[in-house]
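The values are calculated or read from the model by the stated rules, or taken from the named source; none is laboratory data. This structure is a prediction, so every number in the text was calculated from the model and none was measured. Reconstructed Cβ throughout: ideal geometry from the backbone, glycine too, with neighbour counts over all protein chains shown. Just so you know, the surface numbers come from the protein's heavy atoms only, side chains and all, with ligands and any DNA or RNA stripped out. Shrake-Rupley method; radii C 1.70, N 1.55, O 1.52, S 1.80 Å.
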Amino acid sequence: MEAVPDKKATPVSLAQHTYWNLAGHSHGTILDHSIQIWGSHVTPVDQNTLPTGEILSVKGTPFDFTAEMKRIGASIHEVEGPGYDHNYVLQQDGNGDQKYSGLRLAAKLRDPSSGRAMALWTNAPGMQFYTANNVNGIAGKGGANYGKHSAVCLETQGFPNAVNQPNFPSVIVQPGQKYQHTMVFEFSAE
């Protein structure tokens with residue numbers, strides 16, 4: 001994704017909002033999917049789900065998906081609110097694997113029933129991990145009914161609320177400067 005402001009400094013933080021269920025169309029929830037996230041910190045949110053400006057370690061919390069693949073449903077009940085909807089601070093020093101030039105591995109997602117897996121690579125500083133908490137009775141293709149936790153979103157981005165939080169990486173792009181954000185979704189069967 002790219003953007004170039006024309007005349008004024010502009011906040012730019014583009015994100016995509018694809019819903020994934022690696023079990024397949026209309027195959028229940030993603031609570032049995034496993035995920036590993038290369039982000040050891042999150043930006044906590046207030047009652048309006050806006051980041052407060054804090055950056056907190058995930059170690060020893062329900063947000064810790066760093067060490068190995070962990071079932072999404074394993075600790076979701078410990079999260080305040082209906083599920084995960086938080087920005088992860090992605091590692092900036094790389095993760096030892098430079099498969100795609102200039103990109104870092106952000107997350108790996110796997111469905112145990114199908115064996116399908118997805119790796120997400122990006123150059124963005126953050127990733128929103130959202131477990132479709134507010135999806136309720138959405139009509140889908142072929143008469144499917146999508147409900148709570150029927151999919152997961154992994155949205156690479158600048159930090160939400162960065163324009164109001166001076167300690168977050170800036171999302172202001174100057175006139176003529178190019179904003180460039182890359183993500184690669186890599187699929188496999190395990």
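Details
- Any chance Ala67 is surrounded by 15 or more Cβ atoms within 10 Å (Cβ to Cβ), small (Gly, Ala, Ser) and on the phi < 0 side of the Ramachandran plot: no
- Test: residue in the stretch 181-190 that is in contact with an Asp or Glu (Cβ under 7 Å, 6 or more places away or on another chain), open to solvent by less than 60 Å² (accessible area, probe 1.4 Å) and modelled with pLDDT of 95 or more: no
- Every residue from the stretch 43-80 that is within 16 Å of Ala162 (Cα to Cα), within 16 Å of the chain's Cα centre (by Cα) and not in a loop (DSSP other than H, G, I, E, B): Thr43, Val45, Pro51
- All of (1) at pLDDT 95 or above; (2) open to solvent by 40 Å² or more (accessible area, probe 1.4 Å); (3) within 18 Å of the chain's Cα centre (by Cα) hold for His33 with one exception: (2).
- Selection within the stretch 36-64 - open to solvent by less than 50 Å² (accessible area, probe 1.4 Å), of a type in the set (A, V, I, L, M, F, W, C) and touching a residue at least 60 places away in the same chain (Cβ under 8 Å): Ile37, Trp38
- Taken as a whole, the stretch 22-33 holds at least one residue that is touching a helix residue (DSSP H, G or I) at 6+ places or on another chain (Cβ under 8 Å) and acidic (Asp, Glu).
- Conditions (1) under 24 Å from Asn167 (Cβ atoms); (2) modelled with pLDDT of 95 or more; number of the one not met by Gln91: (2)
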